[in-house]
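Have a look at the structure below, then the notes.
The values are calculated or read from the model by the stated rules, or taken from the named source; none is laboratory data. This structure is a prediction, so every number in the text was calculated from the model and none was measured. Here Cβ is always computed from backbone atoms with ideal geometry, including for glycine, and neighbour counts include all displayed protein chains.
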Amino acid sequence: MADRQQGICFKFYLPANRRHHGLLLYEWLLEQARKLGLRGGTVFHGIAGFGRHHILHETHFFELAGDTPVEVMFVVNEAEEARLMQLLQAEKLGLFYVRMPVEWGTL
């Protein structure tokens, strides 16, 4: 039987070009998660999307990162969730996120 654990999947959605402390925000999030001891994180680049302002952002052939959406995902346990949320609340980033219960494991 696989080694299974339960926790939370956090997905943050933000523009690819958004910056924080001089870094792209998704890079800053990954670096902070690493420093907090999270076991991993992944950034997915979207080809199109819109947010609360209902402005459609799309990737075009000659366009680089721009303001197209990225999804930053972390799968955490309760202790990691507490550390991550404490940091993000202190930074006052105003990030939109999705939080889902998950089960993970290795085979």
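A few points about this structure:
- Every test in (1) at pLDDT below 95; (2) within 17 Å of Val102 (Cα to Cα); (3) surrounded by 14 or more Cβ atoms within 10 Å (Cβ to Cβ) is passed by Ala2 save one, and that test is (3).
- Of all the residues in the range 85-104, those that are in contact with a Leu (Cβ under 8 Å, 6 or more places away or on another chain) and aromatic (Phe, Trp, Tyr) number 1.
To keep it simple, each residue is scored yes or no on (1) modelled with pLDDT under 95; (2) surrounded by fewer than 16 Cβ atoms within 10 Å (Cβ to Cβ).
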| residue | (1), (2) |
| --- | --- |
| Trp28 | no, no |
| Arg34 | no, yes |
| Gly46 | yes, yes |
| Glu58 | yes, yes |
| Thr68 | yes, no |
| Val75 | no, no |
| Gly94 | yes, yes |
| Pro101 | no, yes |
